[in-house]
Each structure stands twice: as C-alpha cells, then as structure tokens.
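What follows is a set of notes on a single structure, which appears directly below.
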Amino acid sequence: MALFCVLRPPRCHLRPASLPARHRSLVTTTAATWGGKKKTRVSCSLPEPSWEERLANAVTPLWRLPYQEQLQVKYESQRKILQTLASRLEELGIDAQKPGGLCCPLQPVVPSPIINGYRNKSTFSVNRGPDGNPKTVGLYVGTGRERNIVCVKANHVENIPSKHKQVAQCYEEFISHSPLDSCILFHEGGHWRELVVRTTSCGHTMAIITFHPQQLGQEALATQKALLKEFFTCGPGAVCDLTSLYFQESTMTRCSHEQSPYQLLHGAPHIFEELLGLKFRISPDAFFQVNTAGAQVLYQAVRDLCQATGDAVLLDICCGTGTIGLSLAHQVSKVIGVEVVEKAIEDAEWNAAFNGISNCEFHSGKAEAVLPQLLASWEDARPLVAVVNPSRAGLHYRVVRAIRNCRSIRRLLYISCKPEGEAMRNFLELCCPPDPRKKLIGERFAPVLAIPFDMFPHTVHCELLLLFTR
C-alpha cells in the first residue's frame, strides 16, 4: 500500500512509523480512491516552532545550513548584484558585460575565521516576551507594522557570544526587581530601555544601558544609577566582570553622545582591541567592524588592493576609529580620515598617537560637508587613493560627486555591507558617463574586481569589497 504524506510547510514523503514517537499522535490517516486505486493519504501536522527557533530563523536564517552551503548562497546573491550593476550600466550606454553577465570578475566568498559567537557588539531590546513579561531582554520577532512584536531571549542565537547573553540575562534580572517599569512606548511611560554589549578579543566588556527619564528628578535618577552600579559591581551582575558600565538618558529612539552624553558609572572609559598588530581604543558609540577576526582578513585585502606606496596619500572616508587608515599608514606618505562621530575621531587620534603613527590627520564632521571642501582645494601632486566604508545608507551624493570630480583619485575601494541597497546608486553615480546636469563632470570609474567577505555567518548578509579604477 502506498503512503502519501502532506506536510505544509514543507512537503515531504514519510511513513507514520518514520516520525519521532512524540509526533505520531499528530498523524491522521484517511483512505481515498484515485483513478480506481485505493490509496492512503497521511496528513501530519508537526508542532509550531518554538519562540527560540523563530528568533533564530529571523536573525540568522541560514543557521541550519552547513557553512560551505551558506557561502554558496552568499556567492549567488553577490553574483546577482554584479549582474544587476552590469545591466544598469548597459542601460546607460556602457559596455560593462563580462563573462557570466557580471560587471567585473567575482572572487569566491572569503570565509569568516570564526563562525559562531563572532559578534563583538549586540543590541538587546526590552519588551513583552512570549509569556507576557514586559521586562524581557532579548531580540524582536515580528514587526511594529504588524503589531505582533514579541521580545525573545537570545540564548539560542548562534552569532551572539555567551558573554553578551550573560550580560543580557543579568540586566533582565536587575530590571525585574526594579519598581520602575520598562519603556515599551515612550508616551505610555516606563524607563528601562535597550542594552548594548561590546566585547573585544582582549577580554574587555562594555555595557551601555539606555534609560528614559520621563519625569524623574535628578535625585531619583542618581538613585537608579547607584543601584545599577551596585548590582553589576557587588551584586549578582558582578559575574559579568564589566570593564565599563555606561548609562544614557534618552528620550529618543537613537541618541548620540552629543545629544545626550554617555555617563560612566563604573570602570574604564574605553575598551581596547588589537588588530593587524595595532591597538585600538573604542568609545561607546564608535564604529568598529562587528566581526573582529573577519575585519582583519578584510583589511589585509584592502591593504593589498590599494597598491598605495611611497608618496601616495590615502583618503579614508567614514573612517570610524581609524582602523583602515592606520593599518595602511606605514606604506603611504599620509592618511586623511573623515568621520561623523566626534568621539570616534578622538579615538582615531589617540590610536595614531599610541601606535606611534604621525602621518595621519582626522577630520570630524559629515563627509558630505567635509570632503567636497577638502578635495576642491586639492592641489597636491601625489597620487590619491580612496577607501570608503559607509553605513547601509551608502554615501551622500555630494561625497560621490567630490570623489568623481577629483582627478587625483584614480583608484577607489568601496566596502559595502548592503551592496544591493543605496550603495548600488553610488556605484552607478561613480561609473555613469559624465553628466553636467548632475555636476558629475569627472572621468567615470569602472569596476574591475569584487571580493565578498562573510562577516556575518548564519545570516544572508555579506560585506562586498569593490575595486574601481579609472
């Protein structure tokens, strides 16, 4: 007798006896006649995935795949991105088609040296959990638009290290005993908000707790800060062994140090990381690649592809704490870094001084304000190589225009964590024919090589390094 099992989702062909014993009671068997032959239809309905599985599927959708298969999935996605770029350039009248329909050669995805627990920074929210607890510390399943957000503990998420999970668990324990409510919606009141945990390979741990003051006075705020410090230094939270504990009062969803200063409650003001033989100081809101081991591999490739030697000047746009520029400083005559986060620039300057590097200068401000002014008066005869490492939002149009119109820049390395997003617009602006209407009058760039780096194992994301020349 043939058996036909329908399991949605996914489809499968199983005999009831092949199911685990705990699931056999969920199988129903019905008889039907199809084409004159009697066949048995078996319908099996497996349990709904647990909240932990739902979270893992949302945050790390590739976690069930063997790592080599993850890399292949990412390679295919990067290949499609380069095909799209080639097609868009063709529409602009540029013959950009290379073998495979790509705009340039694509190398295999460079694997991450660390696959599990690689994140050096994690952000945990505070909201209602599956059990209704409004002080659950974890990550979101669902969306605000659908009004189905549930905060689930991140205990089973593969890419978050155990240290981060430990700090999150301790924070939940602290706020669970606090008489103050969690702040889920600003207008509904409440105080306890998100937790950011940063760690380094040097063994340092920084915790940053965001708090909505609502109508609390300074005395009440001081009490909460004292309780928090006591919990993490003398109480149950001491097990976290925090290097730095910061507190930020914020009435906004995201708040910079300039808008509301980070208040150091305990420990050192900075944590430190070592990368490519250099030591880097990290402030609470300074950008640092989330996968330290992967960043080392990425920056080595940047160093090789720059081909900047001797009298060349390196322009490091969106430089963060100066990691890329400082790692290349020994092989160029000068490094110029631009970064919007003022504290990150302070870190970059400290990093240069601490590592004995004297040929760097750093500019604080938005790149679209600083760079056009910097390059408009550029009269230096030395070759200029640019490296850009923007956020997912890509580069501002004025930054692209300044790069495009600076004749001294013949080589450009673009590092993108979301090349299919706004970065695609940047690629087209760099490579399109000259367009006086858009003030893109400089010679166009051409993509010559693409290398994907798996900085985010278990997720669908990839860091793409694109080399442009002209």
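Tabulated values for the structure
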read-out	value
Cβ-based net charge around Lys279, under 12 Å, with every Lys or Arg adding one and every Asp or Glu removing one	-2
Alpha-carbon centroids, region 380-402 and region 260-309: separation in whole Å	20
Residue among Leu374, Leu464, Pro419 farthest towards the positive dipole end of region 371-470, charges placed on Cβ	Leu374
Rounded, prolate or oblate (a/c below 1.5 giving rounded, otherwise prolate when a/b exceeds b/c) for region 90-185 by Cα gyration tensor	prolate
Net +/- balance of residues flanking Leu384 in space, Cβ distance below 11 Å, scoring K and R +1, D and E -1	+3
Those lysines that a straight Cα-Cα span of less than 24 Å connects to Lys74, excepting residues fewer than 8 apart in one chain	Lys98, Lys121, Lys418
Accessible-area order (highest first, 1.4 angstrom probe) of the listed residues Glu173, Glu379, Glu69	Glu379, Glu69, Glu173
Semi-axis lengths, Å, region 365-454, gyration tensor of Cα atoms, sqrt of 5 times eigenvalues	20, 14, 14
Aspartates and glutamates whose Cα lies under 16 Å from that of Lys135, excluding same-chain neighbours fewer than 8 positions away	Glu172, Glu173, Asp181, Glu188, Glu194
Glu274-Ser162 pseudo-label distance in nm [points 7 Å out on the Cα-to-Cβ vector]	2.3
Expected-Rg normalisation [2.2 N^0.38 Å, Cα atoms] applied to region 325-379	1.15
Calculated FRET efficiency for the pair Arg392/Glu146, C-beta based, R₀ 30 Å, to 0.05	0.85
With 10 Å bins from 0: P(r) over region 75-129, alpha-carbon pairs, percent	20, 28, 19, 20, 11, 2
1.4 Å probe accessible area per residue over region 53-191, in Å²	51
Of Gln107, Ala295, Phe186, farthest towards positive along the dipole that unit charges on Lys, Arg, Asp, Glu beta carbons give the chain	Gln107
In Å, descending, principal axis extents of the Cα set of region 264-304	42, 17, 13
Computed accessible area, Lys98, all protein chains, 1.4 angstrom probe, square angstrom	90
Stretchable slack from Lys80 to Asp311, in nm (0.36 nm times residue separation minus alpha-carbon distance)	79.4 nm
Cα centre as origin, Lys/Arg/Asp/Glu Cβ charges: the chain dipole, Debye	2160
Charge dipole (the chain, unit charges on Cβ, about Cα centre) - positive-most of Ala168, Phe211, Leu228	Ala168
Cβ-derived FRET efficiency at R0 45 Å, Ser377 paired with Asn57, nearest 0.05	0.30
Dipole magnitude of region 269-366 about its Cα centre (Cβ charges: Lys, Arg +1; Asp, Glu -1), debye to nearest 20	100
Charge tally in the Cβ shell below 12 Å around Gln224, where Lys, Arg are +1 and Asp, Glu are -1, Gln224 excluded	-1
Glu188 versus Gln215: modelled label distance in nm, points set 7 Å from Cα along the beta carbon direction	1.9
Whole-number Å³ per residue for the convex hull built on Cα positions in region 137-260	128
Area accessible to solvent at His266, 1.4 Å probe radius, in Å²	60
Burial order of peptide ranges 126-134, 217-225, 240-248 (average beta-carbon count within 10 Å, highest first)	240-248, 126-134, 217-225
Shape category assigned to the chain from the gyration tensor of Cα positions, a/c cut at 1.5	oblate
For region 309-413: rounded, prolate or oblate by the Cα gyration tensor [a/c cutoff 1.5]	oblate
Å² of accessible area per residue within region 345-396, as computed with a 1.4 Å probe and no ligands counted	49
Sulfur and carbon atoms: percent of accessible area, region 311-361 [1.4 Å]	49
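The values are calculated or read from the model by the stated rules, or taken from the named source; none is laboratory data. Because the structure is a prediction, the values reported are computed rather than measured. Neighbour counts run over all protein chains shown; Cβ positions are idealised from the backbone, glycine included. Quick note on the areas: whole protein, heavy atoms, side chains included, nothing else; ligands and nucleic acids left out. Shrake-Rupley method; radii C 1.70, N 1.55, O 1.52, S 1.80 Å.
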